[in-house]
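Q: Next up is a structure, given as structure tokens.
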Amino acid sequence: GGAALAGAQAERRTDARMLDAIREKMQKGESQFVAGKYRESAKTFEDGYQEHRYPAFLFNAGVAYQSIGDRPKALERFRAYVAADPGAPDVDKVKERIARLETELAATPAPATDAGAGAAGDAGPNGVSDAGPPPEAARSWWVSYLAQQANTAGVALAELAITPAQVA
């Protein structure tokens, strides 16, 4: 009785600390993303995944890579996300994103190695539309995903200390 209860409480504290660490890393990467520091954001999300093996980091890294135009790296991260969490509620949308990126990559000629950066066709026909979702969409997605994971783990949303301002 008492020992099992104490063990369960200690486990919840450990889970809560882990969720706090995940939330902090997510917020750092999201803040970098919103500030337009996509490379730093991608690195923060990559580091977060290495530290915590939390699949949402892979998705967010993919969005950051897509925002800097690194389609191959974005595609790799989105595929890793689907492999890491095949039951995620957004897996169909992520698979659609993967298919879109594969189509874009197949349609985009490889840049010539000695051509200047200003060569015709290097930027691609879609320009800004290739940047992925707006920061609000990325923020909303990861917050809802974190809440779903917390619920699955039996952690009350209030324990995550996410304020409405962080979600808005």
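The values are calculated or read from the model by the stated rules, or taken from the named source; none is laboratory data. Remember, it's a predicted structure, so these values are computed and weren't measured experimentally. Please note: Cβ atoms are built from the backbone with ideal geometry, for glycine as well, and neighbour counts cover all protein chains shown. For the accessible areas, the whole protein counts, side chains as well, though only heavy atoms, and no ligand, DNA or RNA atoms are used. Shrake-Rupley method; radii C 1.70, N 1.55, O 1.52, S 1.80 Å.
Q: From the list Glu46, Glu40, pick out the single residue that is touching a helix residue (DSSP H, G or I) at 6+ places or on another chain (Cβ under 7 Å) and open to solvent by 50 Å² or more (accessible area, probe 1.4 Å). So that I can check it myself, show each step before the final result.
A: Working: Glu46 fails: open to solvent by 50 Å² or more (accessible area, probe 1.4 Å).
Exactly one of Glu46, Glu40 is touching a helix residue (DSSP H, G or I) at 6+ places or on another chain (Cβ under 7 Å) and open to solvent by 50 Å² or more (accessible area, probe 1.4 Å), namely Glu40.
Q: Follow-up question, since we're still on this one. Failed condition for Glu76, given (1) open to solvent by less than 30 Å² (accessible area, probe 1.4 Å); (2) within 19 Å of Tyr38 (Cβ to Cβ), with all others met?
A: (1)
Q: Being at negative phi and not in a helix (DSSP H, G or I) is the requirement here; does Pro72 meet it?
A: Values: at negative phi: yes; not in a helix (DSSP H, G or I): no.
Here the answer is no, as Pro72 does not meet what is asked.
Q: Any chance the range 53-62 includes a residue that's open to solvent by 30 Å² or more (accessible area, probe 1.4 Å) and not aromatic (Phe, Trp, Tyr)?
A: Of the residues in the range 53-62, the ones open to solvent by 30 Å² or more (accessible area, probe 1.4 Å) are 53.
Cutting the leftovers down to not aromatic (Phe, Trp, Tyr) gives us 53.
Within the range 53-62, one or more residues are open to solvent by 30 Å² or more (accessible area, probe 1.4 Å) and not aromatic (Phe, Trp, Tyr).
Q: Sticking with this structure for a sec: Any residue at all in the range 67-81 that's touching a residue at least 24 places away in the same chain (Cβ under 8 Å), among the basic types (Lys, Arg) and over 26 Å from Glu102 (Cβ atoms)?
A: No, every residue in the range 67-81 fails to be touching a residue at least 24 places away in the same chain (Cβ under 8 Å), among the basic types (Lys, Arg) and over 26 Å from Glu102 (Cβ atoms).
Results for (1) modelled with pLDDT of 95 or more; (2) under 22 Å from Ala106 (Cα atoms), shown as yes or no for each residue.
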residue	(1), (2)
Glu40	yes, no
Phe45	yes, no
Gln50	yes, no
Arg53	no, no
Val82	yes, yes
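Q: Then there's this: List the number of the failed condition for Arg100; all other conditions in (1) open to solvent by 80 Å² or more (accessible area, probe 1.4 Å); (2) in contact (Cβ under 8 Å) with a residue 12 or more places away in the chain hold.
A: Arg100 satisfies all of (1) open to solvent by 80 Å² or more (accessible area, probe 1.4 Å); (2) in contact (Cβ under 8 Å) with a residue 12 or more places away in the chain except (2).
Q: Let me ask something additional. Considering only residues of the range 26-58 that are among the hydroxyl-bearing types (Ser, Thr, Tyr), closer than 15 Å to Arg77 by Cβ and assigned to a helix (DSSP H, G or I), which is farthest from the chain's Cα centre (by Cα)?
A: Taking the range 26-58 first, the residues among the hydroxyl-bearing types (Ser, Thr, Tyr) are 31, 38, 41, 44, 49, 54.
After this cut, where a residue has to be closer than 15 Å to Arg77 by Cβ as well, the list is 38, 41, 44, 49, 54.
With the extra rule that they be assigned to a helix (DSSP H, G or I), the set shrinks to 38, 41, 44, 49.
On the way: Tyr38: 12, Ser41: 10, Thr44: 10, Tyr49: 9 Å.
Here the answer is Tyr38.
Q: I need every pair where a residue in the range 10-29 that is farther than 13 Å from Arg53 by Cα and of a type in the set (Asp, Glu) has its Cβ under 8 Å from the Cβ of a residue that is part of a helix (DSSP H, G or I) and open to solvent by less than 50 Å² (accessible area, probe 1.4 Å), sequence separation at least 6 or different chains.
A: Taking only residues 6 or more apart or on different chains, the pairs are Asp20/Leu160.
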